[in-house]
């Protein structure tokens, strides 16, 4: 391979998956629920055998994983550039009901982004000229209020994408995108090599939105749309659990700042809880930033997965790895390259292959 080729050099193509034709009350038929896919193929070879599907969070699109001049860190540190330099085939999706040129009904509200209590991974220049905040606000889309409907359509489209790829892929999800990842893996565990859940929507059963301003109830624990549990047939029984319950955690971070969460009720260990049988053999990495609200409750999502029989769940709290000051938008912050390298290393451990580049 010519050494003059930039590490992240790639070709790209775009296409759509999923969707369905529906008829409105006036008898007009239109297409609904499709997923836009941007496929980036590294020029460098050989390709790693397992592609990566990038699933953005609520109100977000695949651009979150791409370079942008609005972000202070070099474009080479974007997650797409980093993964391409390691020869991963990438599929960046825009979930249903989100386009590339949104018109948001929400007012520009910089107060949505609370100031960090300690030095954050956003540079002072980024915050002072509002360039980065404008970038985030301009690229934010309305979130469908029927979360279960959106998740079902996202699940359908991503399964079609996986089946077209025809080889097991990693699902790199952020925030609400993790709900799609759980559902896709539930339907086609044979085509999911592993799941990276970057600050996954949570905590179980009672989700918390940006800055605590939005709350919703997740009927199925980690999803709003149905997911497979065994035994079937009854509602999940829950109980409130205080921090410190997760005795199997591998992190060294103190419990300070963590909140109580809802987990399945095992009646003091006398009853079996329901199992996520289709996820049990899929490796999962949960990543949490130091300054994010998720630091208070991601432990509950991790414990919920373990309790439900998911056998290989790793929780990385970034400050334990020396990566400091991160909020919720890890793929856009100044040290995103450091975070991305943690993801690449985990993928390499799961596949047993040394990454190239």
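Each label point was placed 7 Å from the Cα along the Cα-to-Cβ direction; for residue 217 and residue 22 their separation is 2.3 nm.
Computed extension length for residue 234-residue 163: 22.4 nm, one decimal, from 0.36 nm per residue of separation with the Cα-Cα distance subtracted. What distance in nm separates the simple spin-label points at residue 281 and residue 267, each placed 7 Å from Cα in the Cβ direction? Placing both labels 7 Å along Cα→Cβ, they lie 3.1 nm apart.
Take every Cα pair under 8 Å whose residues are at least 6 apart in sequence, average their separation, divide by the length of the range 1-64, and the relative contact order is 32 percent.
So for each of 282-295, 176-189 I average, over its residues, the number of other beta carbons within 10 Å; can you give me the resulting order with the highest mean first? Spell out each step's value before the answer.
On the way: 282-295: 22.9, 176-189: 24.9.
Peptide ranking by packing, descending: 176-189, 282-295.
When all alpha carbon pairs of the range 281-334 are counted in 5 Å bins from zero, the resulting P(r) reads 4, 20, 28, 21, 15, 10, 2, 0 %.
Computed FRET efficiency, Cβ-Cβ of residue 9 and residue 206, R0 51 Å: what is it to the nearest 0.05? It comes out at approximately 0.70.
Bear in mind that the values in this text are calculations on the coordinates, not laboratory data. Quantities reported herein were computed from a predicted structural model and do not represent experimental measurements. When we count neighbours, we look across all protein chains shown, and the Cβ atoms used for this are built from the backbone with ideal geometry, even at glycine.
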